[in-house]
Amino acid sequence: MAMSNDTNGVASYMQQAKEQACKNIEHVAEDVAAGTMPEGKLFDIAQSISDKRLDELTVDTTTCGYCAVGCRFDVYSDGDEVLATRPADPEETPVNGISTCVKGKFSYGFVNADDRLTKPLVRNESGEFRTASWDEAYNRVVAGFEDIMDKHGGEALSVIASSKATNEENYLMGKFARQVLGTNTVDNCNRLCHSSTVTGLAKTFGYGAASVSIEDLETTDCYLITGSNTTEAHPVIGTRIKQNVRDGSDLIVFDPREVQIAEYATQYTQITPGYDAVWINGLIRYIIENNLHDAAFIEERTTGFEELKEAVQEFTPELVEEITGAPAAEIESAAETVATADSCVFGWTLGITEHSHGTENVAALANLAAVTGNVGKPGAGVSPFRGQNNVQGGGGDMGPLPDNLPGYQKISNDDARETFENAWNCDISAERGYYTTEMFHAADAGELHGMYCIGENPSLSEPGKGHGETVLKNMEFLVVQDLFLNETAKYADVVLPACSFLEKEGTFTNTDRTVQKVNPVIEQRGDSKPDWVILQELANRLGREWDYENTAAIMEEMRQLTPIYGGISQERVEREGGIQWPCFDLDHPGTQRLYTESFNTEDGNAHLTPVGYSEPMETPGDDYPLTLTTGRVLYQYHTGTMTHREEGIMEYNDQNFVEINPETAADDGIMDGEPVRIESQRGEITVPAQITDRVGTDTVFVPMHFAENAVNELTDSERLDPEAKTPEFKVSAVRISSVEDETGSVRSADADPTVGDD
């Protein structure tokens, strides 16, 4: 697409420059950085485009492929390389306006990285990879899948779908599993993060998604944020919250770490990891006991209040303090602030969900929101901040799940199953398949023999890393489809080169249910192909007759089968800039805020769900006296597939580390920057120490982003949430000890590599 004649923003600047003797654009990225990054922390991420003439450049608008905030921006390119980005016209950016974060501005070196996959790879007889034609690679995949289906049946195959791929591609991943392979064992990274959210909200309110819009986040009178490192994991949302707090809104943060968002809080309370339902129940009890609940809302729009009231009676402020470490006075003040505010948004991420009782945590938060009447009105509601760019749409809405069809239609529902059987011309079992972590246990038990992994890296992201690697190594047939030969791909029989979000067309659905357009801004790298093209070509070689001309045709089929997306077409999304589901027909405006009149339950009421006492399945003891918790940092992203290939980011934050409280470090004789051995019952790692009072004396923190000394060597793959099957990433019992490296020297850690403004 050629550069438009728009005279706003960068286009205006560039047009003026062109008229003034075609002056070059100089250091666009650096200029933007200077206005958005803290002094002293600028680094050279984007290439200067001072040597490019204006008439050699294109500008295209697309949606960001990092977190699920859903920022849109203009990408400046010469066709082969991303040279700079800048927020698009505010009318085209319903979520982020004029903001983007550091990764969205700069981190695109991965696209042309030297190790980018551009041709298929197959493993030869000696166990080495060699390049292959697409025809040979497809033949190997077909033969491998058919062999397993002949010997064990389609149920012995599995698909891990991609929350980074488009809605259209994820729809096809679910269809491919059920129609082509004949298995319901299809899942995605949502199982490792927000499946507890989906399950907890679905049974209380009806939809497993945020009830609010970004506008509510900008205008609410109060926030209660827990288990969310908002300013680092979701920087643009963090900026909106900070601006609103600056203008007078209250911000209450409960978290085991004093994360950066806590620096802006009206009240920050440090808690012991793993006991969230306890302190949430304590807030509910105090609110009810002091007649601060919204009696009219409860009477008119909820069921189960008396049962909830009885269930929370034991959670006195004093008991909550004893169990969680949250001072009784702070439980009381937080409860009063939330209950007396005109509106409140309840925000959380994986610090609430990645537990063996994450579903209960989410249900407790939903109870708190309903008891205070903070649902379905402006500035109020529940807001789980989603992690990967399309985990809401691709990871949930599109149905690449073992128990759900697109639009959360249950596979156990006869009518829903019949609809898809007729549309897809196949039989679909009413019995759910394996969830992601269960796939690895099923492979151990000899019940799963093949895996098709698309755009995910379970070798690093699964708990119990050692166990996961053993399963992948012994998998009878493994196909990986990705941008790089990542840690999972190293065990594959066939590796298929896919396109990045910058090279493809489709839609993403962001954290507030807004469906937005994704456009190609550079040419496809080498012989790589979009995921949907690969899926279609494989399906046809396996006996089906897919004939999608483009991704718009895929979305057209999807919307006709998915009521909550019934009015969402690519043409409409592109024309209107973004549409929030549910949107039931082409005349429906979309839904800015859920539950304004009724909940998505059979009786239309919120179902208050009593939650009792819960604790982690693994608690500290004499042998392992500390609690390890994990999370993200600003300058990295997930397992690092993209950000580790960005030179500037790696210069700033290139290694793992462990945060240790000064008292704990002193007791163990650990110095700042010194190598520290961390051990759990599953394994051990050695990383540099960062001495900080961000964590309490009984807690240590390690990021999740690094393959070297990966924190998932320490986490547990056995103990799962009984409903959502989410692993307990956030609580592991560990011990630490000081060690010297092989030279006897100490490698210094950065002073604080997690802190950065946005």
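Rule-based calculations on the coordinates, nothing more; no lab input. Bear in mind that the values here come from a model prediction, so they are computed numbers and not experimental data. We place every Cβ from the backbone using ideal geometry, glycine too, and count neighbours over all the protein chains shown.
What the table below lists for this structure:
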quantity: Cβ-defined net charge surrounding His194, 11 Å radius [Lys, Arg +1; Asp, Glu -1]; calculated: +1
quantity: Theoretical FRET efficiency, 1/(1+(r/R0)^6), r = Cβ-Cβ of Arg432 and Glu56, R0 56 Å, to 0.05; calculated: 0.60
quantity: Environment charge of Thr219, counting only residues whose C-beta is closer than 15 Å and scoring Lys/Arg +1, Asp/Glu -1; calculated: -3
quantity: The stretch 524-627: GluC sites (Glu not before Pro) in DSSP coil with no more than 13 other Cβ atoms inside 10 Å; calculated: Glu545, Glu549, Glu597, Glu602
quantity: Separation of the Glu125 and Thr266 label points, Cα + 7 Å toward Cβ, nm; calculated: 7.3 nm
quantity: Cross-link reach list, aspartates and glutamates versus Lys203, counting only Cα pairs under 12 Å and skipping chain neighbours closer than eight places; calculated: Glu360, Glu602, Glu723
quantity: At R0 = 22 Å, FRET efficiency that the Cβ-Cβ distance of Lys473 and Ala143 yields, to 0.05; calculated: 0.60
quantity: Residues Asp115 and Arg677, FRET efficiency given R0 of 30 Å [Cβ-Cβ distance, rounded to 0.05]; calculated: 0.45
quantity: Added length on full extension, which subtracts the Cα-Cα distance from 0.36 nm per residue, Ser412 to Glu447; calculated: 10.4 nm
quantity: Overall form of the chain per C-alpha gyration tensor (a/c, 1.5; a/b vs b/c); calculated: rounded
quantity: Relative contact order computed over the chain (Cα-Cα under 8 Å; 6+ residues apart), in percent; calculated: 18 percent
quantity: At most 14 other Cβ within 10 Å, DSSP loop - GluC sites (Glu not before Pro), the stretch 360-448; calculated: Glu431
quantity: Centre separation in Å (Cα based) which lies between the stretch 255-306 and the stretch 428-486; calculated: 38 Å
quantity: Proxy reagent accessibility, fewest Cβ within 10 Å first, across Glu646, Glu332, Glu462; calculated: Glu332, Glu646, Glu462
quantity: Asn290 paired with Trp134, simple spin-label distance in nm, labels 7 Å along Cα-to-beta-carbon; calculated: 6.5 nm
quantity: Ranked list, fewest to most other Cβ atoms within 10 Å of each Cβ, for Trp546, Trp532; calculated: Trp546, Trp532
quantity: Residue order, fewest to most surrounding Cβ atoms within 10 angstrom, among Ser569, Ser163; calculated: Ser569, Ser163
quantity: Point-to-point label distance, Tyr613-Lys151, nm (Cα→Cβ direction, 7 Å offset); calculated: 5.1 nm
quantity: Candidate lysines - alpha carbon under 29 Å from Lys517, same-chain residues fewer than 8 apart omitted; calculated: Lys52, Lys103, Lys105, Lys119, Lys164, Lys175, Lys242, Lys377, Lys410, Lys504, Lys529
